[in-house]
Amino acid sequence: MKREIIVTNDGSTTIHLPEWNEQYHSKHGAVQEAYHVFIKNGLSLFSDTTVAILEIGFGTGLNSFITFLEAQKYRLTIDYVGVEAYPVSLDEILKMNYIETLKASRYTSVFEKMHAQEWDTKHTISTYFSLLKRKQFFQEITDQDRFNLIYFDAFGARVQPELWTEELFEKMFVSLKKGGVLVTYSAKGSVRRALQHVGFRVERLPGPPGKREMLRAVKI
């Protein structure tokens, strides 16, 4: 499938798939979306010493990197697991402008290390951040009562509806600890109902630029 590097509305880059008319991050602003959905409405809820995070769709590593930056800033200990079946190539990663956009030149080596590290092996990135990248299909996830927070950042239901089913959300529910939170950019009614059906308490929240709403689900 053809892949193109594009610049989004906030100046940050993402990968565009013309065949699907789909992007890894919002064309309205990749960095803005990541901060709004996953940090403001996800990570900011936690002040615990250690936060275990599962990311569904490691992709370009943007969500992981901004979480690392937040961990350094607020001295949060993050145990981060990113799942990806089809890793982005290093050539594409080197074309991303996240270091420049985030004004994080001091952490250039960290961003590169995140992508260069071996898959399926946990690595200590800093005092506050560890990363395990798992190369697997989302349907193969079998974690139980492990995570505090899930970043659900799969490709949209329009192009991959199989990733937004009750079956997959049941796996997410089981993998979270009680009181755990799942956040996603999606606000589709079918997604909200699927989350509710497996036991989540779901709320609609204002969305990032270009989207009216997003969803946050809590395991009660």
Can you name every residue in segment 1-23 that is open to solvent by 30 Å² or more (accessible area, probe 1.4 Å) and either under 20 Å from T67 (Cα atoms) or among the small types (G, A, S) (or both)?
D10, G11
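Does K95 qualify as being in contact with a strand residue (DSSP E or B) (Cβ under 7 Å, 6 or more places away or on another chain) and over 17 Å from E55 (Cα atoms)?
Working: in contact with a strand residue (DSSP E or B) (Cβ under 7 Å, 6 or more places away or on another chain): yes; over 17 Å from E55 (Cα atoms): yes.
For K95, the condition - in contact with a strand residue (DSSP E or B) (Cβ under 7 Å, 6 or more places away or on another chain) and over 17 Å from E55 (Cα atoms) - is met.
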Residues within segment 15-51 that are β-branched (V, I, T), closer than 29 Å to T77 by Cβ and touching a strand residue (DSSP E or B) at 6+ places or on another chain (Cβ under 8 Å), tallied
4
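Condition test on F111, is it surrounded by 13 or more Cβ atoms within 10 Å (Cβ to Cβ) and closer than 17 Å to K219 by Cα?
On the way: surrounded by 13 or more Cβ atoms within 10 Å (Cβ to Cβ): yes; closer than 17 Å to K219 by Cα: no.
No: the conditions fail for F111.
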Which of (1) closer than 24 Å to L176 by Cα; (2) open to solvent by 20 Å² or more (accessible area, probe 1.4 Å) is the odd one out, the single condition L131 does not satisfy?
(2)
Just for segment 132-163: of the residues that are touching a strand residue (DSSP E or B) at 6+ places or on another chain (Cβ under 8 Å) and among the small types (G, A, S), which one is nearest to S44 (Cα to Cα)?
A154
Mind listing whichever residues of segment 134-187 are of a type in the set (S, T, Y) and open to solvent by less than 30 Å² (accessible area, probe 1.4 Å)?
Y151, S175, T184, S186
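The values are calculated or read from the model by the stated rules, or taken from the named source; none is laboratory data. If you're wondering where the values come from, they're calculated on a predicted model, not measured in any experiment. Virtual Cβ from ideal backbone geometry, glycine too; neighbours counted across all protein chains shown. Note: accessible area is taken over every heavy atom of the protein model, side chains too, but ligands, DNA and RNA are not part of it. Shrake-Rupley method; radii C 1.70, N 1.55, O 1.52, S 1.80 Å.
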